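Only the coordinates and a few stated rules stand behind these numbers; no lab work does. Since the model is a prediction, treat every value here as computed from it, not as a measurement. Neighbour counts are summed over all protein chains in view; Cβ atoms, including those assigned to glycine, are modelled from backbone coordinates with ideal geometry.
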Amino acid sequence: RYRIIHNDLRRGGKHKTSRLVEICNEAGLPVKLRTIQTDLKDLAEDTDLGFYLPIFYDESTKSYYYSEIPNNIFPSLELEPEEVTALLFYAKTVSQYKEYPIFKQITNAVQKVLDNSNISPEIKALFEKETLLETEKHPQVGGTELIASILDAISKKRIVVIEYQKFDDEIKSHKIKPILLKEDKQLWYIIGINVKYDRLITFALDRIIDVTITEEIFDEISFDSKEYFKFS
């Protein structure tokens, strides 16, 4: 109920208690008018809660409002202790890719979870601790800057045009339906269907000069990675 009241008042304007009752009921929280009035008082004054939200009452309209919009004090995510531990493990193990350009976005995503969840400050501090868990380091290799755009093309099933150069060879253009990004021995590869020959092909990302994502969409492609690479 506190979260619903807070989120509604944060939209600005003035809000009648009768409307707050309706919103709670619509959210599956049956409540009476008196309870909402008590909740509003608690959010503004209760010392045990300690929120002290700037809630004011307008006599002329008989409605409540925020004198200034406070930060969102309620976490959007309620994580179980084992989920917090799993997130911590993930954040630490993925740091092996910290030299990759996409790592910054991974860090931003994890930070958003930390900022909008019920993780305690003590646990949050562990996410910054360097000696907690250490994995092998993956140095940045050629082509890793293409990972984000290729992943986008795979997820949206968009045909891509790849400018590719083998060792001591001329640059050639290939039109492919991207299926999978695969890491092997700290090098990255893209597997897809060559549109011209309608067959599977593999390109090393460090040999790719440029990638262009087209507007052409392709149908779902059945691909068994385990079977395809079982002799590799």
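Taking trypsin sites (Lys or Arg not before Pro) in DSSP loop states with no more than 12 other Cβ atoms inside 10 Å as exposed sites, the chain has its longest site-free stretch at 63-128. Among the GluC sites (Glu not before Pro) in region 1-70, those located in a DSSP loop and surrounded by at most 16 other Cβ atoms within 10 Å of their own Cβ are GLU59, GLU68.
Considering just Cα atoms, how many Å³ per residue does the convex hull of region 24-149 enclose?
Working: hull volume 23.3 nm³, N = 126.
Per residue, the Cα convex hull of region 24-149 comes to 185 Å³.
With the cut-off at 1.5 for a/c, could you classify region 83-140 from its C-alpha gyration tensor as rounded, prolate or oblate? Oblate is the answer for region 83-140, as a/c is 1.5 or above yet b/c matches or exceeds a/b.
Could you tell me the calculated FRET efficiency between ASP210 and TYR57, based on Cβ-Cβ distance and R0 = 45 angstrom, to the nearest 0.05?
Numbers: r = 62 Å, r/R0 = 1.38.
Here the calculated transfer efficiency is 0.15.
Using θ = phi - 60° in the Karplus curve 6.51 cos²θ - 1.76 cosθ + 1.60, the 3J(HN,Hα) couplings for region 44-53 round to 8, 10, 4, 6, 5, 6, x, 7, 6, 6 Hz; x is entered for Gly and Pro.
A straight chain from VAL110 to LYS157 at 0.36 nm per residue would run longer than the Cα-Cα distance by 14.3 nm. For region 169-224, what does the alpha-carbon gyration tensor say about shape, rounded, prolate or oblate, given a ≥ b ≥ c as the root eigenvalues, a/c under 1.5 as rounded, and a/b over b/c as prolate? Because a/c hits 1.5 or more and a/b fails to exceed b/c, region 169-224 counts as oblate.
Spatially, region 68-108 and region 202-232 are offset by 29 Å when compared through their Cα centroids. The P(r) of region 19-95 has a tail past 18 Å containing 61 percent of all C-alpha pairs.
Between LYS172 and HIS138, what FRET efficiency follows from the Cβ-Cβ distance if R0 is 30 Å, with the result rounded to 0.05? FRET efficiency, LYS172 to HIS138: 0.55. Tell me which of THR93, PRO54, PHE74 sits at the most positive position along the dipole axis of region 1-136, charges placed on C-beta atoms (Lys, Arg +1; Asp, Glu -1). The Cα lying farthest towards the positive end belongs to PRO54.
List the chymotrypsin sites (Phe, Trp or Tyr not before Pro) within region 19-68 that DSSP assigns to loop and that have no more than 13 neighbouring Cβ atoms inside 10 Å.
Details: sites: PHE51, TYR52, PHE56, TYR57, TYR64, TYR65, TYR66; in loops: PHE51, TYR52.
Counting only loop positions with at most 13 other Cβ atoms within 10 Å, the chymotrypsin sites (Phe, Trp or Tyr not before Pro) in region 19-68 are TYR52.
Entry note, the chain: the mean residue ellipticity at 222 nm calculated from DSSP H runs of n ≥ 4, each adding -39500 (n - 2.57), is -9500 deg cm²/dmol after division by the residues and rounding to the nearest 500. Largest GNM mean-square fluctuation across ASP48, ASP39, ASP115, computed for the chain with C-alpha springs under 10 Å, falls on ASP48. Dipole magnitude for region 1-82: about 500 debye, using +1 per Lys or Arg Cβ and -1 per Asp or Glu Cβ, origin at the Cα centre.
Report the extension gain between ARG34 and ALA125 in nm, rounded to one decimal, defined as 0.36 nm multiplied by the number of residues separating them, less their alpha carbon distance. The span from ARG34 to ALA125 would gain 28.7 nm if fully extended.
If I take every Cα pair under 8 Å that is 6 or more residues apart in the chain, average their sequence separation and divide by the length, what percent do I get for the relative contact order?
Working: 310 pairs, mean separation 30.0, N = 232.
It rounds to 13 percent for the chain.
Sparse packing (at most 10 other Cβ atoms within 10 Å of the Cβ) combined with a DSSP loop state is found for the following chymotrypsin sites (Phe, Trp or Tyr not before Pro) in region 104-181: PHE167. Rounded to the nearest 20 debye, the dipole magnitude of the chain is 500 debye, with +1 charges on Lys and Arg beta carbons, -1 on Asp and Glu beta carbons, and the Cα centre as origin.
Region 94-232: D in µm²/s via Stokes-Einstein (Kirkwood Rh, Cα pairs, 37 °C, 0.692 mPa s)?
Values: Rh = 17.2 Å.
Answer from the Stokes-Einstein relation: 191 µm²/s.
The mean of 1/r over all pairs of different alpha-carbon atoms in the chain, once inverted, gives a Kirkwood hydrodynamic radius of 22.6 Å. Radius of gyration over Kirkwood radius for region 146-185, both on Cα atoms: the Rg/Rh ratio is 1.02.
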